[in-house]
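Down below is the structure, laid out as structure tokens.
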């Protein structure tokens, strides 16, 4: 099991004034909510449950144009860190009202110094929200896409923003703002720049363990 994974929920709320802390005329509101660290793998059921919880919480503001959740998986040991060339992985789940917005065209990290690092896609799956998830449908829409990306672990210790570009209308959608401090989940890992892209059996084992929802897609690659 990896040292931990961070779950972050980012939503856009329309209709200014619906939230007491929002002043009239402010327009579209970007809200970021952290759910902290977990030692559990990132499963489809877990992400779907989080979507339902947030949809229920924000149902009164529907329809909300888009929502994004992410979950980072880190190596479980220094040995695995080396085997993965200093990389982990991140899954980003988005749900949108407009089908033209997905899949994301880009996921990237922009440091405080303005240096951008692309996070390559490993595999992705797009489809429709299940009809049984009526609260998600009503709040965020019917278009869901889950994408697994490479995530250089060093980025989690670098001050900057994790950003996503939707296919239309929205660029620079911030999923997270990193302070530059080393997260507790990375204690004991020899943080350094990645030595290259991860590959091979160690990479596949890591992805299947931490992101089991992608197992069938990974085996088909």
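For the reader, a short list of remarks on this structure follows.
- If the segment from residue 53 to residue 112 were pulled out straight at 0.36 nm per residue, it would be longer than the present Cα-Cα gap by 18.0 nm.
- Both radii come from the Cα set of segment 75-209: Rg as radius of gyration, Rh as Kirkwood radius; their ratio Rg/Rh reads 1.01.
Laboratory data are not the source of any read-out in this text; all were calculated from the coordinates shown. This one's a predicted model, so the numbers in the text were calculated from it and none came from an experiment.
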